[in-house]
Amino acid sequence: MRAPSALEPFLAGLRGRCPACGLGPLFAGFLKLRPACPRCGYSFADVDSGDGPAVFVIMIVGFIIVFGALITEIAYDPPVWVDLIIWPPLGAGLCLGLLRPMKGLMIAAQIRNRDGGTSGS
């Protein structure tokens, strides 16, 4: 059996999988964590990502939306209603799409750092 790479817990977190085994589901709902991994039994009871995922998502989506709106305004000068149709739904969609993977990534980082570089095994 091959040795796990250092990136595997983070990739598992991005996919919404248990950072310890990489197989079990991490979430019970959209953002609610399971109490433990059903596959390996790793407990998520003391894991808390706090506001970290939301902060990173706000920064990433804010950059994309502001940059896109600025380029659109300079290049095409659309009417205001076009901006209101494009940018708020795109921002909301990006936020919802990035929040769960970012939360999984933050949890994986917390587990990796707490376990001293191992991923629960």
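Brief remarks follow.
- Close pairs (7 angstrom Cβ cut-off, 6 or more residues apart or separate chains): under 17 Å from Met106 (Cβ atoms) in the stretch 33-55, of a type in the set (D, E, K, R) anywhere: Phe44/Arg34; Ser49/Lys103; Pro53/Lys103
- Selection within the stretch 56-98 - under 25 Å from Gly29 (Cβ atoms), hydrophobic (A, V, I, L, M, F, W, C) and in contact (Cβ under 8 Å) with a residue 24 or more places away in the chain: Phe56, Val57, Ile58, Ile60, Val61, Leu90, Leu94, Cys95, Leu98
- Residue in the stretch 92-111 that is touching a strand residue (DSSP E or B) at 6+ places or on another chain (Cβ under 8 Å), of a type in the set (A, V, I, L, M, F, W, C) and closer than 15 Å to Ala54 by Cα present: yes
- Selected residue (only one of Val57, Val61 is crowded, with 17+ Cβ neighbours inside 10 Å, modelled with pLDDT of 95 or more and farther than 21 Å from Leu11 by Cβ): Val61
The values are calculated or read from the model by the stated rules, or taken from the named source; none is laboratory data. A quick note: this is a predicted structure, and the numbers were derived from the prediction, not measured. Positions of Cβ are backbone-derived with ideal geometry, glycine not excepted, and every protein chain shown enters the neighbour counts.
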